[in-house]
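Everything on this sheet refers to the single structure shown next.
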Amino acid sequence: MKHITYNSSFLDLSFEDSKTRLHKLKNILAISMAMLMVFGITNLIFSTVNFTIEYICTILIILFLYGYVSSDTTNIVSAIYLWTITIISSYFAWRSSGLHSASMSTFPSLLVFANILGGRMLVYPLAGYMLLVIYFFAYAESINFINTEDILQTSSYKKATNLTIILIASGIGIDFFSRNIRRIFTIISDNHEKQKKSEKKIEHLLSFDSTTGLPNETACQNDLQELLSNINNKDIVGFITLKFTNFNWIYSSLGQNIANRITYYLADRLNMLNTHNSRLYRSQENEFIYISQATDNEEISEFCHQLIQAIARPFPVESFDIEMSSVIGISKYPVDGESFNTLRKKSHAALTIAEQSETNSYKFYQEEMETSIHHRIKMVQELKQAIYLQEFELYYQAKIDLKDECIIGAEALIRWNKAGKEIINPLDFIPIAEESGLINEIGKWVIEKACEDCQSWHKLGFTDLSIAVNISPIQFQRGNIVNIISRSLVKSGLNSHKLELEVTESLFMDNSDFIKEQIKQISKSGVQVAIDDFGTGYSNLNYLTKFYATTLKIDMSFIKNILETKRQGLLVSAIIEMSKVMGLKSIAEGIENKESYIFLKELGCQYGQGYYWCKPMKNSLFIKQLKSQGISSKTVEEPPLNSDKRK
């Protein structure tokens, strides 16, 4: 059905399509020919003036129009037809009795048909012509140009017949007109119903999530406003934002279809926790919102525990048992705010802090959280500026062969010399760089600079030295780490066997073919792979062979109290023996005294690094140390940083 707008004309509404209009026009033409025949017959019987030729000519014209008319010619045929009838009616009136002629009664009917067939563009010219004819006849009668003495002599039956035919024609025109009006009202009514249904559908789409069928943020905002206007003054309202921390991994690894199904199952499971005091909403792709009315914080805490437990239960999807992890941020009305935007903002601030702490946890909003977030935002901007201004520099800490205490290489440790005034602890900016993605650009510079400096040592004659570089798991996610390493080696001229990448065990926990393939390509090129901080993570031995590890770095937390705690010593001994059996090199971090060094040497540990020999130092001083080979614990270059973990 045609959609009605305020600019639609009467003609647009009267005829739905060209076929309908053509059919109606043909009916009018056929009726007109029939009436003209009746007029012609009455003229022969009753009239003293013979109009037979005129009637025949008019009928022939209309017959021609009937045969000529098509869906493309309805407008021109309508105009010719109406003007023909109007002119012939004027002619008949002129030949008979002017204004008193029955032919003049056809004018109103013709205007009705003109309105039906052509609209205003046809009605106005015809009406103007008819007015001219009427006033012309009036003037002609006033000067006796038209003889009106024969009016009373005209047969009453002829008048009655003519008027009857005209009334029939007028009735047909009015019937056409009224039916069109009724149909127009029907169209308007139907479209109004359709519009109401469309508005309801649009309102539903605007207020509900298409994947889960849950109400969305728009509905949440409206419901919260209504709830807060009617809430008991003694109650509080928890604005709970729930985020699935491993959703993006599932989406990228298992595909959109499975991710959508998991989202649907999650929504169904969470929806079961709805009560008369709480309601669930879908916020974003991996976020949901709960509005929970409670009496105190304990009630909200208990509810959050239930949420985390419900999410943690595995989801059987196809051949997978998917385990979801989550974090929750909570803000409260009226303590933290009294509007949707304020509560949502503070709930997200708490969510951000929860993400930084641990998975499957929740945090209530506290004022210092926003300060922390603002600090992180500011830090990101400063890191971007530091990259542009080249404020980063590398320090090197020697790696020592425990047999003869000779330097066999070094570990590159990044420093941020902010505006040349202060050294920023890597523990303060590396997590933020990883979170913001800036670690990719920073890490690329570190690899390039470390390769360049190591090659400069080789040119000085220290060709056996290797360089170790810490790599963030984030750098593997982009997929270009292999190319970065390859280009850095080519650019610097460094032998690939002299580069060692230190990665933490968290990288291997992903067990992703994507990560595994990158490690495989790196290992094939000759680059060494060391497991950093071994023993502090999952320590799954399967990963050591599957991901081509060549070295185990024993975390400093095991070395620190190795002499005081017997179990600590036994654990380190076991790690060293295991590395021997598996054909891996072992290196101990954080050796700070001679006793620890001797103990590790006796256990069979191959390499070490720590403050017992030297602290991290600039490249120029490290080169001096290489030339002197005078390794001493008295070498001091900078205050110790926690990020070095006193290696």
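The values are calculated or read from the model by the stated rules, or taken from the named source; none is laboratory data. Computed from a predicted structure; not experimentally measured. Glycine also receives a Cβ, built like all others from the backbone with ideal geometry; neighbour counts cover every protein chain displayed. To get the accessible areas, we keep the full protein, side chains included, count just its heavy atoms, and leave off ligands, DNA and RNA. Shrake-Rupley method; radii C 1.70, N 1.55, O 1.52, S 1.80 Å.
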Report task. Enumerate the pairs (first residue in region 568-593 and under 17 Å from ILE400 (Cα atoms); second residue anywhere and open to solvent by 40 Å² or more (accessible area, probe 1.4 Å) and of a type in the set (Phe, Trp, Tyr)) with beta-carbon separation below 8 Å, excluding pairs fewer than 6 apart on the same chain, so at least 6 apart or on different chains. Result -> LYS585/TYR607; SER586/TYR607; ILE587/TYR607; ALA588/TYR607; ILE591/TYR612; GLU592/TYR612; ASN593/TYR612
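Taking MET369 as the residue in question, decide whether it is assigned to a loop (DSSP other than H, G, I, E, B), surrounded by 13 or more Cβ atoms within 10 Å (Cβ to Cβ), touching a residue at least 12 places away in the same chain (Cβ under 8 Å) and aliphatic (A, V, I, L, M).
no
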Query raised in the report: Across region 602-629, which residue is modelled with the lowest pLDDT among those that are closer than 28 Å to ILE576 by Cβ and surrounded by fewer than 17 Cβ atoms within 10 Å (Cβ to Cβ)?
Result: GLN629
Report task. Please identify the pairs in which a residue from region 33-53 that is under 15 Å from ARG95 (Cα atoms) and part of a loop (DSSP other than H, G, I, E, B) has its Cβ atom under 6 Å from the Cβ atom of a residue that is open to solvent by 40 Å² or more (accessible area, probe 1.4 Å) and at pLDDT 70 or above, counting only partners at least 6 apart or on another chain. Result -> VAL49/ARG95
Query - Residue satisfying all of: in region 297-325; hydroxyl-bearing (Ser, Thr, Tyr) and either farther than 17 Å from PHE244 by Cα or assigned to a helix (DSSP H, G or I) (or both); modelled with the lowest pLDDT among these - result: SER319
Query raised in the report: Inside region 247-262, can you point out the residues that are touching an Asp or Glu at 6+ places or on another chain (Cβ under 8 Å) and either at pLDDT 85 or above or farther than 18 Å from THR211 by Cβ (or both)?
Result: TRP249
Report summary line: Of the candidates PHE508, PHE476, the one satisfying the condition of being of a type in the set (A, V, I, L, M, F, W, C), modelled with pLDDT of 85 or more, open to solvent by less than 50 Å² (accessible area, probe 1.4 Å) and assigned to a helix (DSSP H, G or I) is PHE476
Query raised in the report: When residues of region 217-237 are filtered for being in contact (Cβ under 8 Å) with a residue 60 or more places away in the chain, not hydrophobic (A, V, I, L, M, F, W, C) and not in a helix (DSSP H, G or I), how many remain?
Result: 2
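Conditions (1) within 25 Å of SER357 (Cα to Cα); (2) of a type outside the set (A, V, I, L, M), marked per residue:
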| residue | (1), (2) |
| --- | --- |
| LEU266 | yes, no |
| GLN284 | yes, yes |
| TYR290 | yes, yes |
| ALA294 | no, no |
| GLU318 | no, yes |
| ILE328 | yes, no |
| SER331 | yes, yes |
Query raised in the report: Just one of the numbered conditions (1) crowded, with 16+ Cβ neighbours inside 10 Å; (2) free of Cβ contacts under 8 Å to residues at least 24 places away in the same chain is not true of PRO314; which one?
Result: (1)
Report summary line: Only unsatisfied item for ILE328, checking (1) of a type in the set (Val, Ile, Thr); (2) open to solvent by 10 Å² or more (accessible area, probe 1.4 Å); (3) modelled with pLDDT of 90 or more, is (2)
Query raised in the report: Does SER109 satisfy the criteria of being modelled with pLDDT under 85, part of a loop (DSSP other than H, G, I, E, B) and closer than 30 Å to ARG21 by Cα?
Result: no
Query raised in the report: Is it true that ILE240 is touching a residue at least 60 places away in the same chain (Cβ under 8 Å), in contact with a strand residue (DSSP E or B) (Cβ under 8 Å, 6 or more places away or on another chain) and surrounded by fewer than 16 Cβ atoms within 10 Å (Cβ to Cβ)?
Result: no
Query raised in the report: For region 579-601, which residues satisfy the criterion of being open to solvent by less than 60 Å² (accessible area, probe 1.4 Å) and either in a loop (DSSP other than H, G, I, E, B) or touching a Pro at 6+ places or on another chain (Cβ under 7 Å) (or both)?
Result: LEU584, GLY590, ILE591, ASN593
Report task. Examine region 36-50 for a residue that is in contact with a Leu (Cβ under 9 Å, 6 or more places away or on another chain) and either open to solvent by less than 20 Å² (accessible area, probe 1.4 Å) or not polar (S, T, N, Q) (or both), and state whether such a residue exists. Result -> no
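Can you go through ARG282, ARG376 and tell me which one is of a type outside the set (S, T, N, Q) and open to solvent by 30 Å² or more (accessible area, probe 1.4 Å)?
ARG376
Within region 256-276, does at least one residue satisfy the condition of being assigned to a strand (DSSP E or B) and open to solvent by less than 10 Å² (accessible area, probe 1.4 Å)?
no
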Query raised in the report: Can you pull out the residues in region 55-91 that are open to solvent by 40 Å² or more (accessible area, probe 1.4 Å), touching a helix residue (DSSP H, G or I) at 6+ places or on another chain (Cβ under 8 Å) and closer than 21 Å to MET130 by Cβ?
Result: ILE61, ILE80, TRP83, TYR91
Query raised in the report: So how many residues does region 331-366 have that are touching a Pro at 6+ places or on another chain (Cβ under 9 Å) and open to solvent by less than 30 Å² (accessible area, probe 1.4 Å)?
Result: 0
Query raised in the report: Within the set of pairs 6 or more residues apart or between chains, which connect a residue that is over 10 Å from ILE484 (Cβ atoms) inside region 440-460 to a residue that is polar (S, T, N, Q) with Cβ atoms less than 7 Å apart?
Result: CYS451/SER488; CYS451/SER492; GLU452/SER492; ASP453/ASN619; GLN455/SER492
Requested in this report: Would you check which residues across region 290-311 are surrounded by 18 or more Cβ atoms within 10 Å (Cβ to Cβ) and closer than 15 Å to TYR264 by Cα and list them?
Outcome: ILE311
Report summary line: Picking from ILE187, ILE202, ILE181, the residue that is modelled with pLDDT under 85, open to solvent by 60 Å² or more (accessible area, probe 1.4 Å) and aliphatic (A, V, I, L, M) would be ILE202
Query raised in the report: So which of ILE481, ILE442 is under 20 Å from LYS524 (Cα atoms) and out of contact with any Pro (no Cβ under 6 Å at 6 or more places or on another chain)?
Result: ILE481
